[in-house]
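Contents: one structure, followed by commentary.
The values are calculated or read from the model by the stated rules, or taken from the named source; none is laboratory data. For clarity, every value in this text was computed on a predicted model and none was experimentally measured. Cβ: placed from backbone, ideal geometry, glycine included. Neighbour counts: every protein chain shown.
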Amino acid sequence: MATFLDIHPVDPQPRLVNRVVDTLREGGLIAYPTDACFALGAQLGNQAAKERIIAIRRLDDKHHFTLVCADFAQLGQFVQLDNAVFRAVKAATPGPFTFILPATPGVPRKLQHPKKKTVGVRIPEHRITQAILAELGEPMLSSTLLLPGDEEPLATGWEIKERLDDQVDLVIDGDETGNGPTTVIDFSNGYPEVVREGAGDSSPFA
C-alpha cells in the first residue's frame, strides 16, 4: 500500500518533503505533481524503479526517460548545449517543457536513449517538485504518469492512489498541477523539432 502525503502546493512542509526524499533514497518509486501533470519519479541509478515505470506504463525502448533538474547547473552536467540551444532552452525554463538533447560522456548508458545517445531533461516550475529536488541534491529519473489505454494523464492524488496503490511506494497530493503532459522539443539534430504538443507553448520552436 502506497503512503499518501498531502503537501502544501505553495509552502511545502519540510517534514513531508524529507519523507519523500527518504523514500527515493531507499529505492522507492513516487508519484508526484508537476507544473505539467503528475509524474513517476525515482532516484538516478535506481534500475529496479526504472523497470517498474516501464511495467506500469508498458513502455518500449523508444521511450525517453526524463531527468528532472532543479536548475541549469544540474542540467548542464547531463546534456550538451551549444550557445543557440542554450538560449532557446533557457528562455523556456523553468516551465512545462521536456528537451531531448545529446547526453554528455559522463551520463550512464542506462539513462540514455539506447540508439540516439540522447536524454530528456527539464526544469519544472512547481514548488513541491523544486523542494524535493533541493533536498535530494540531484535530478530525479522521471516519466509522465500516463497509463496504458488512457488518453490523459492522471490528474489527482487520490485517483493515483486508487489505481496504483500496489505499484508505487508514495503518492503526493499537491492540489495544483498542470492539466497535460509537457511539450517535448527534440534538439538532438541541432535544431528544434516539436515531438509532442503539451502544456508548454511550442510556437517559439516551430
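Residues to consider are ASP169, ASP201, ASP186; find the one that is of a type in the set (D, E, K, R), touching a residue at least 60 places away in the same chain (Cβ under 8 Å) and farther than 29 Å from THR23 by Cα.
Working: ASP169 fails: farther than 29 Å from THR23 by Cα; ASP201 fails: touching a residue at least 60 places away in the same chain (Cβ under 8 Å).
Step by step, each of ASP169, ASP201, ASP186 is checked, and only ASP186 is of a type in the set (D, E, K, R), touching a residue at least 60 places away in the same chain (Cβ under 8 Å) and farther than 29 Å from THR23 by Cα.
Report, by residue number, each residue of region 196-206 that is of a type in the set (A, V, I, L, M, F, W, C) and surrounded by fewer than 16 Cβ atoms within 10 Å (Cβ to Cβ).
From region 196-206, those of a type in the set (A, V, I, L, M, F, W, C) are 199, 205-206; that's our starting set.
Correct list: ALA206 only.
Exactly one of these conditions fails for PHE187: (1) surrounded by fewer than 20 Cβ atoms within 10 Å (Cβ to Cβ); (2) more than 16 Å from the chain's Cα centre (by Cα). Give me its number.
(1)
Restricting region 154-180 to residues that are within 14 Å of the chain's Cα centre (by Cα) and either surrounded by fewer than 23 Cβ atoms within 10 Å (Cβ to Cβ) or among the small types (Gly, Ala, Ser) (or both), which is farthest from PRO9 (Cα to Cα)?
By that ranking, first place goes to GLY180.
Output the residues belonging to region 153-181 that are out of contact with any Cys (no Cβ under 8 Å at 6 or more places or on another chain) and farther than 20 Å from ALA55 by Cβ.
Result: THR156, GLY157, TRP158, ILE172, ASP173, GLY174, ASP175, GLU176.
Would you confirm whether any residue within region 139-147 is in contact with a Cys (Cβ under 9 Å, 6 or more places away or on another chain), within 17 Å of VAL21 (Cβ to Cβ) and aliphatic (A, V, I, L, M)?
Yes, the conditions are met somewhere in region 139-147.
For region 112-123, give me each residue that is modelled with pLDDT under 80 and under 23 Å from ALA39 (Cβ atoms).
The answer is GLN112, HIS113, PRO114.
Looking at (1) over 27 Å from ASN18 (Cβ atoms); (2) buried (at least 19 other Cβ atoms within 10 Å of the Cβ); (3) charged (D, E, K, R), find the lone condition where ARG122 falls short.
Exception for ARG122: condition (1).
Taking LEU111 as the residue in question, decide whether it is more than 16 Å from the chain's Cα centre (by Cα), among the hydrophobic types (A, V, I, L, M, F, W, C) and under 17 Å from GLY41 (Cβ atoms).
no
Taking the conditions exactly as written (of a type in the set (Val, Ile, Thr) and closer than 20 Å to CYS37 by Cβ), does THR98 satisfy them or not?
In short, yes.
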